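Below is one structure, written out as structure tokens; the observations come after it.
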Amino acid sequence: LGDVSYSQSAPVYSAGLGLQFSDWISLYGVLAQGFRAPNLQETTVLADTGSKFEIPNDALRPERSNTYEIGLKIRKPHVAVTLVGFYTELVDVIDEIPSTYEGNSEIDGASVVQRSNEASGVTKGVEGQVRLTFGKSSLFAGATWLDGQITSASGDEHPMRRLPPGFGNVGLRYTHNSDIFGQLALNWALAQDQLHPSDRKDHRICQTEPYSGVIDPDCSGSPAWTRLNFDAGFKVSSQLRFVFSAHNLLDQQYRTHGSGFFAPGIDFRLTALMKY
């Protein structure tokens, strides 16, 4: 495209209302608008980007969104609970559409696509956290679920690209006078089989086997995984603290959905934190 210079601006608004029913329970609601200008990858790229051949579009408009969120918070001496639900409407979504380059719909076997604002979308989700405290020990857990769908101008509907699966954690923590702590936690993620059409051509998600470079035509997405972590620390003085961590104790081989790299195996670390 040669020299590229563009600027996007727009006002966005938000409003919220909180209701305090007592000193330990509250309810809130929020309406928030969003605005995201297209980036250089979306407006100027002209290349094979791995799963497709992209051509530029310097006429892209910003994406806009309206998010509605409602939340419940409970805070008592031994119980803390947060529950949040949200729904987002997306307008002028930047998504891929089939296109041609110099009269060709494929370049070296890769489909030609271009980004456009022809789509709309909806995301919705819930998130919850709970912590129960028993003396110096506490039990905690959290989970997040998200769904996102894109609707093209022709009415076709498909999941958003690299949509995260449900994920969360559960664990037990012990704290002694804020000087010593120990924590054992299990992090997990469900399998993700909700795939954008580009996800099915993405080597990070749909290779037949790691680093094969061959796309699996029957790709089912990213498998579920769990990871067991242990952390402990103690304070030597008001300025010095040591923290020991042992992560992925089950030595699971896994990748976060959409990542091109496997997470580390068993990982031991000793960290010194100093204040001055």
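Once you've got the GNM for the chain with C-alpha springs shorter than 10 Å, pick whichever of Asn66, Asn104, Asn169 has the biggest mean-square fluctuation.
Result for the chain, Cα springs under 10 Å: Asn104 fluctuates most.
Counting heavy atoms of the protein chains only and a 1.4 Å probe, report the per residue accessible area for the chain as a whole number of Å².
With all protein chains present, the chain gives 60 Å² per residue.
Would you please give the FRET efficiency between His78 and Arg161, computed as 1/(1 + (r/R0)^6) with r the Cβ-Cβ distance and R0 = 25 Å, to the nearest 0.05?
With R0 = 25 Å, the Cβ-Cβ based efficiency is 0.05.
Can you tell me which of Val126, Val81, Val12 moves the most in a GNM of the chain? Springs connect C-alpha atoms under 10 Å apart.
Between Val126, Val81, Val12, it is Val12 that shows the largest mean-square fluctuation.
Given R₀ = 41 Å, what would the calculated FRET efficiency be for Thr67 paired with Leu250, taking r from the Cβ atoms and rounding to 0.05?
0.65
Ordered by residue, what ³J(HN,Hα) values in Hz, to whole numbers, does the range 190-203 give under the Karplus form 6.51 cos²θ - 1.76 cosθ + 1.60, where θ = phi - 60° and Gly and Pro are x?
Using θ = phi - 60°, the values come out as 6, 5, 10, 10, 8, 10, 5, x, 5, 4, 6, 10, 8, 5 Hz.
To the nearest 0.05, how large is the calculated FRET efficiency for Tyr101 and Gln149 if R₀ is 45 Å and r is the Cβ-Cβ distance?
E between Tyr101 and Gln149, to the nearest 0.05, is 0.95.
Multiply the residue gap between Val4 and Tyr276 by 0.36 nm, knock off their C-alpha separation, and tell me the result in nm, one decimal place.
93.3 nm
Please check: in the Gaussian network model of the chain (C-alpha springs, under 10 Å), which one of Glu209, Glu118, Glu42 has the largest mean-square fluctuation.
Glu209
Within the accessible area of the chain, what % is carbon and sulfur when the probe is 1.4 Å and the other protein chains stay in place?
Within the chain, the accessible surface is 57 percent carbon and sulfur.
Using alpha carbons only, how many angstrom separate the centre of the range 60-75 from the centre of the range 116-131?
Answer, in whole Å: 8.
If amide H atoms are built 1.01 Å from N in the plane of the peptide, which residues on other chains or at least 5 residues away come under 5 Å of the amide H of Ser99?
Close amide H contacts, sequence-distant or interchain: Val112, Val113, Gln114.
Given the pairs Lys73/Lys275; Lys136/Lys235; Lys136/Lys275; Lys73/Lys124, which are separated by over 27 angstrom at their Cα positions?
From the list (Lys73/Lys275; Lys136/Lys235; Lys136/Lys275; Lys73/Lys124), the Cα-Cα distance tops 27 Å for Lys73/Lys275.
The values are calculated or read from the model by the stated rules, or taken from the named source; none is laboratory data. What you see is a predicted model; the values in this text were computed from it and never measured. So basically every Cβ, Gly included, is an ideal-geometry build from the backbone, and we count neighbours across all protein chains shown. Note: accessible area is taken over every heavy atom of the protein model, side chains too, but ligands, DNA and RNA are not part of it. Shrake-Rupley method; radii C 1.70, N 1.55, O 1.52, S 1.80 Å.
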